[in-house]
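Okay, structure first, notes after.
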Amino acid sequence: MTDLAPTLGHRLRWTFTDGLTLVGRELGRLRHDPGELVAALLFPAVMVVLFGYVFGSAIQVPDGGDYREYLMPGLFAMVTFGAVMGVMTRTATDASRGVMDRFRSMPMARSAVPFGQTGADLLTGLLMLAVMVGAGLLVGWQPHRGLIPTAQAFLLMIVLRYALSWVGVWLGLAVKNDQVADAMVPLFLPFTMLSNAFVPTDGMPGWLRLLADWNPVSALTAAARELFGNPGAPPAHVAWPLAHPVTAVLLWSAALLVIFVPLSLRAYLRNGR
C-alpha cells in the first residue's frame, strides 16, 4: 500500500506533464498554420452578423425583447458544440497520418495523447468564446444579471465543451480517416439547429419539439439565457431539461465524461496493438 501511492502519483504527474506537452504541440501547430486559427476565430463573428441581422428581421422573440439578445446564448451553445467537430477532425488527421503511431512508440504516458487533444481544444474554445463575446457586445448583446451569474454561464459552456471534446476524440479514433471526418462535419449542423438556439420550440411538431427540448444544445442555451438575463425564458409547461437547464447541462457533462473518457482511452490503447 505504501508503494502504490507513490507509483500512482508518479503516473498521474507523468500523464499531466506529457499532456501539457501535447497541448503545446497542438497550439504550436495552429501557430504554424495561422489560417486555421483565423478561420476558427472569424466563424463566431460571422455567425453573429449572419443570424443576428438576417434572422433578426423576421423572427419575433417570445414575450418581446431584442432578437440579438435572444440569439447570443444560442450562438454560444453552437460554438461550444463545435468541440466535437474540431477534435474529431484533428484526431482523425493524426491517426490517418501515423502521428498516433509515433506517439505510441515514444516513452510517454499513453493517456496523455487524448488529454492533450482535449486540453488544446479547451484553450482554442476560450478564444472563440472571447471573439463571440466581443462581436455580441458590438451588436447590442449584454448580460444583465451581474458578474457571478455571467461567470457561471461561461463556466457551464467550458465544462460542457470539455466533455464534448472527448466525444470528438472517440469519433476521430473510430473513423481514423481525415477525409471521412471532414465529410461528417456537416452532419452536426442539424443537431445544433434542432434546438431552441435560433427559434422557440413551441411551434414545432410534437415529435420534433420533444427532440429539440431534450437536445443538450437547448439546455445550454436555456441556462445561458437564464444566467445572462436575456429574453427567451421557457414557458411554464416545458420539458424537464428546459425547466432545470443548469442542472441538465451539468448532468449532460457528467454523463459524457463518464461514457467517453473510458471509451476514448480504450480506443487509443486498442488501436496501438
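Each reported figure results from applying straightforward, stated rules to the coordinates on display, with no laboratory input. Quick caveat, the model's predicted, so the values are computed rather than measured. Counting neighbours? That spans all protein chains shown, and the Cβs are built from the backbone with ideal geometry, glycine included.
Per-structure values
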| quantity | calculated |
| --- | --- |
| Efficiency of FRET from Cβ geometry, THR247 and LEU50, R₀ 22 Å, rounded to 0.05 | 0.10 |
| Karplus (6.51, -1.76, 1.60) ³J(HN,Hα), θ = phi - 60°, over segment 197-210, in Hz, Gly and Pro reported as x | 5, 10, 9, x, 7, 4, x, 7, x, x, 5, 6, 5, 4 |
| FRET efficiency for GLN60 and PHE191, using Cβ-Cβ distance with R0 set to 30 Å, rounded to 0.05 | 0.75 |
| Distance in nm between pseudo-label sites at ASP202 and ALA255 (7 Å out along the Cβ direction from Cα) | 2.7 nm |
